[in-house]
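The values are calculated or read from the model by the stated rules, or taken from the named source; none is laboratory data. Because the structure is predicted, anything quoted here is derived from the model rather than measured. Because the Cβ atoms are built from the backbone with ideal geometry, glycine has one as well, and the counts that use them run over all protein chains shown.
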Amino acid sequence: MQSLPRYDAVLDKQLRLIVGGYQQLTGKALIVDVPSDIVTFRGAVWNAPRAIVAHGCEDDPIFFYGNRKALQLFEMDFDEFTHLPSHFSAEPMAQEERVKLLNKVARQGYVDGYSGIRIAKSGRRFIITGATVWSLFDGDSGYYGQAAVFVEQPA
């Protein structure tokens, strides 16, 4: 079973951007009753019933977060996942569709209802449904990357 990542002030700031940005852009709560203390907050995001992932804004964006559910789906541990360029999460044939989606998110702020095929470490393909993808903004430095929340479609 995956364990909660070690305490990290940078990660805590990123988690606040993920949760706060979702609320601000969609008007919906990603985490119900957001805890005020950081330890409980980190646990609530980590144990959310839907997969939550986020990547940075590098030329080839790298995931900087995946919660427990996401890591189970992608069959990776936290360290492995947070070194993965996000384009490797989709099949090569789906890359163009993925790029179009991310460009649309960059223009609109967020997109709801996305579905697509993703690839686990073992090569297993799985379908994600009901995905919301949104842009992350930091008041100090501007654009920070993109995040997504989704569920796996039952087989």
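A few notes on this one:
- Whichever residue in the stretch 1-45 is small (Gly, Ala, Ser) and surrounded by 11 or more Cβ atoms within 10 Å (Cβ to Cβ) and, among such residues, is farthest from ASP79 (Cα to Cα): ALA29
- Enumeration of residues in the stretch 69-101 that are farther than 21 Å from THR129 by Cβ, in a loop (DSSP other than H, G, I, E, B) and either charged (D, E, K, R) or in contact with an Asp or Glu (Cβ under 6 Å, 6 or more places away or on another chain) (or both): ASP77
- In this structure, ASP60 does satisfy being in contact with a Ser or Thr (Cβ under 9 Å, 6 or more places away or on another chain) and either exposed (fewer than 13 other Cβ atoms within 10 Å of the Cβ) or in a loop (DSSP other than H, G, I, E, B) (or both).
- Within the set GLY113, GLY66, the sole residue that is of a type outside the set (D, E, K, R) and within 20 Å of GLN24 (Cα to Cα) turns out to be GLY113.
- Failed condition for TYR144, given (1) in contact with a Leu (Cβ under 7 Å, 6 or more places away or on another chain); (2) surrounded by fewer than 20 Cβ atoms within 10 Å (Cβ to Cβ): (2)
- The set of residues from the stretch 102-140 being surrounded by 17 or more Cβ atoms within 10 Å (Cβ to Cβ) and in a helix (DSSP H, G or I) comprises LEU102, VAL105.
- Flag for LEU11 being of a type in the set (A, V, I, L, M, F, W, C), in contact (Cβ under 8 Å) with a residue 60 or more places away in the chain and farther than 20 Å from GLU152 by Cα: no
- Verdict on PHE41 being of a type in the set (A, V, I, L, M, F, W, C) and at pLDDT 95 or above: no
- In the set GLU91, GLU80, only one residue is farther than 25 Å from PHE137 by Cβ, surrounded by fewer than 18 Cβ atoms within 10 Å (Cβ to Cβ) and in contact with a strand residue (DSSP E or B) (Cβ under 8 Å, 6 or more places away or on another chain); that residue is GLU91.
- Residue within the stretch 132-142 that is in contact with a Gly (Cβ under 9 Å, 6 or more places away or on another chain), of a type in the set (Gly, Ala, Ser) and in contact (Cβ under 8 Å) with a residue 24 or more places away in the chain present: yes
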